[in-house]
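Take a look at the structure set out below.
Where a number appears in this text, it was derived from the coordinates with a stated rule and is not lab data. This structure is a prediction, so every number in the text was calculated from the model and none was measured. Ideal geometry is used to build each Cβ from the backbone, glycine not excepted, and the neighbour counts take in all protein chains shown.
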Amino acid sequence: MKLPNKLTKLKAYDPITGSYSVRLDANESYFDLPTVMKAKLADQLEQIDFNRYPDPIATETIEAFASYYQVSPDCVTAGNGSDEIITLILNCFMEKGAKLVTVSPDFSMYGVYASLSEIEVITVPKKDNLQIDTSALIAACKNADAVVFSNPCNPTSLGLARTDVIRLIEAVPDCLVIVDEAYMDFWDESVLDLVNKYENLIVLRTCSKAIGLAAARMGFAVADTYKTNLLRAAKSPYNCDAISQKICATVLNEHSLLQHCRDEIIVQTQRLYTSLSELCARYPDILDTVYPTRTNFVFVKTSYAKEIFEQLLQAGISVRCFPNGLRICAGTRREHTLLLQELERILQPN
Ligand code: PMP
């Protein structure tokens, strides 16, 4: 059987799957749900009619999301993680052969989904300091159908100021601007409030990071009602299962719990940044730069990423390895202590 070219070129996403005692590789929240919340959810699951299909719109979840983020529920589409939402948007708003602008480095799945939809990807490199070059991005978007980027960015942890995002949106009215705000709970430069102002804007959010529900797989597209209705019509009818809908709706209604966890994660991330910066100052020949972070992880530029990554894995600590650096997610104090002790051991000259 002859496979289409797009499949033969496909490289599977390669998450870390082993069992490690310290997991700092997937940008998840380090807070599991409190036991009382788990008990509450168990009670609610009993009320689900398991023989019935779930609500296709995920109404209760969307309302809880809309109330937490102060948007209209009519502007929200729920998906099976923002991963599904990204594919949905590309399939819905872009034709085969259309041009999608991405920036590099950024979340690698944008390119994968685009190639599966036979969309041409134009990549704008970031500046040497890993910040987006807004002028270069605008220039590329002038000849493109859509642009997608994460803000703040996975993997660099840097953010593009709201004013720059608006400059981009306004400069390219014919280009769909997809702003993936998976980590925006940890920063405050969102453009979520502008989805009704700009026809060419879609914002993505997820329950997998600050909300702490990576296991439940729910993500959202926020856009004006016109585009929202198109997305709802184009998605598969029962894309979010009843269990995940219930869990996400319940947790999204716990505003003070969510804000507490988010604040704690921000504090822990800044602590991690400080500790890694100190390490960087002591071992400048090995650790190049530690980037200031707007997310729940820290990016460390180093030419020795692979060596350090492998030694950490052997010690039961998983982080994410990139060709030019390591992305380390914030964890508990205990996890940070173990990480830093191990890094110290690895970096010390023999
Ligand atoms: N966008 C970005 C920028 C991400 O980092 C991730 C997860 N790594 C996703 C989207 C996908 O998240 P979800 O769990 O909602 O599919």
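The figures follow:
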| read-out | value |
| --- | --- |
| Global size of the stretch 121-199 as Cα Rg and Dmax, reported in angstrom | 11.9, 34 |
| Convex hull volume per residue in cubic angstrom - Cα atoms of the stretch 64-155 | 120 Å³ |
| Kirkwood Rh, Cα atoms: Rg over Rh of the stretch 1-84 | 1.08 |
| Loop chymotrypsin sites (Phe, Trp or Tyr not before Pro), the stretch 132-239 (other Cβ atoms within 10 Å of the site Cβ: 14 or fewer; DSSP) | Tyr238 |
| Shape of the stretch 250-350, Cα gyration tensor, a/c cut at 1.5 | prolate |
| DSSP beta bridges in the chain [antiparallel fraction, %, rounded to 5] | 50 percent |
| Burial ordering of Met184, Met94, Met109, Met218, fewest other beta-carbon atoms within 10 Å first | Met109, Met94, Met184, Met218 |
| Amide proton proximity set for Ile122, modelled H, under 5 Å, gap of 5+ | Leu100, Val101, Thr102 |
| Residue among Lys142, Lys209, Lys40 with the largest mean-square fluctuation in a Gaussian network model of the chain, springs linking Cα atoms under 10 Å | Lys40 |
| Cα-based equivalent ellipsoid, the stretch 1-155: semi-axes from gyration tensor eigenvalues, Å | 33, 21, 20 |
| Given charges at beta-carbon only (K, R positive; D, E negative), |dipole| of the chain in Debye | 620 debye |
| Ala26 paired with Asp288, simple spin-label distance in nm, labels 7 Å along Cα-to-beta-carbon | 2.9 nm |
| Residue (of Thr295, Val319, Ile346) at the positive-pole extreme of the stretch 268-350, dipole from beta-carbon charges | Thr295 |
| Spacing of the two label points (7 Å from each Cα toward its C-beta) at Ser72 and Glu46, in nm | 4.0 nm |
| 3J(HN,Hα) from dihedral phi, the stretch 277-292, Karplus parametrisation 6.51/-1.76/1.60, rounded to Hz, x for glycine, proline | 5, 4, 5, 4, 5, 7, 10, x, 6, 10, 9, 7, 9, 10, 8, x |
| Fluctuation leader among Ala281, Ala12, Ala114 - the chain, Gaussian network, Cα springs under 10 angstrom | Ala12 |
| Over the chain - Rg/Rh using Cα atoms and the Kirkwood inverse-distance radius | 0.97 |
| GNM result for the chain, Cα springs below 10 Å: residue of Val103, Val36, Val267 fluctuating most strongly | Val36 |
| Convex hull per residue volume in Å³, alpha carbons only, for the stretch 180-336 | 159 Å³ |
